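Contents: one structure, followed by commentary.
Values quoted throughout were computed directly from the atomic coordinates according to the rules given, and no laboratory measurement underlies them. Quantities reported herein were computed from a predicted structural model and do not represent experimental measurements. Reconstructed Cβ throughout: ideal geometry from the backbone, glycine too, with neighbour counts over all protein chains shown.
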Amino acid sequence: MAKLEEHVRSIQADGLAWGSSELVPVGYGIKKLQIQCVVGDNKVGTDMLEEQITAFDEYV
């Protein structure tokens with residue numbers, strides 16, 4: 001999960017600011033990575049962000 005967070009935070013764009021993160025328990029010992037970010041709609045879209053995060057298919 002630490003490597004995934006490192007890769008996600010490596011995404012840089014004008015209008016994108018990363019915030020805090022935490023591992024949230026889902027169940028049966030499984031945890032998900034939750035990261036807060038601020039997205040400026042005029043400069044960067046959530047679709048672009050989603051595409052770049054899911055491109056890390058080794059981790060996602």
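Key figures for this structure:
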| quantity | calculated |
| --- | --- |
| Residue count for region 1-15, restricted to those that are part of a helix (DSSP H, G or I) and among the acidic types (D, E) | 2 |
| Leading residue by the ranking (surrounded by the fewest Cβ atoms within 10 Å (Cβ to Cβ)) among those in region 16-60 that are free of Cβ contacts under 8 Å to residues at least 12 places away in the same chain and part of a strand (DSSP E or B) | G27 |
| Within region 5-15, tally of residues that are in contact with a helix residue (DSSP H, G or I) (Cβ under 9 Å, 6 or more places away or on another chain) and surrounded by 15 or more Cβ atoms within 10 Å (Cβ to Cβ) | 3 |
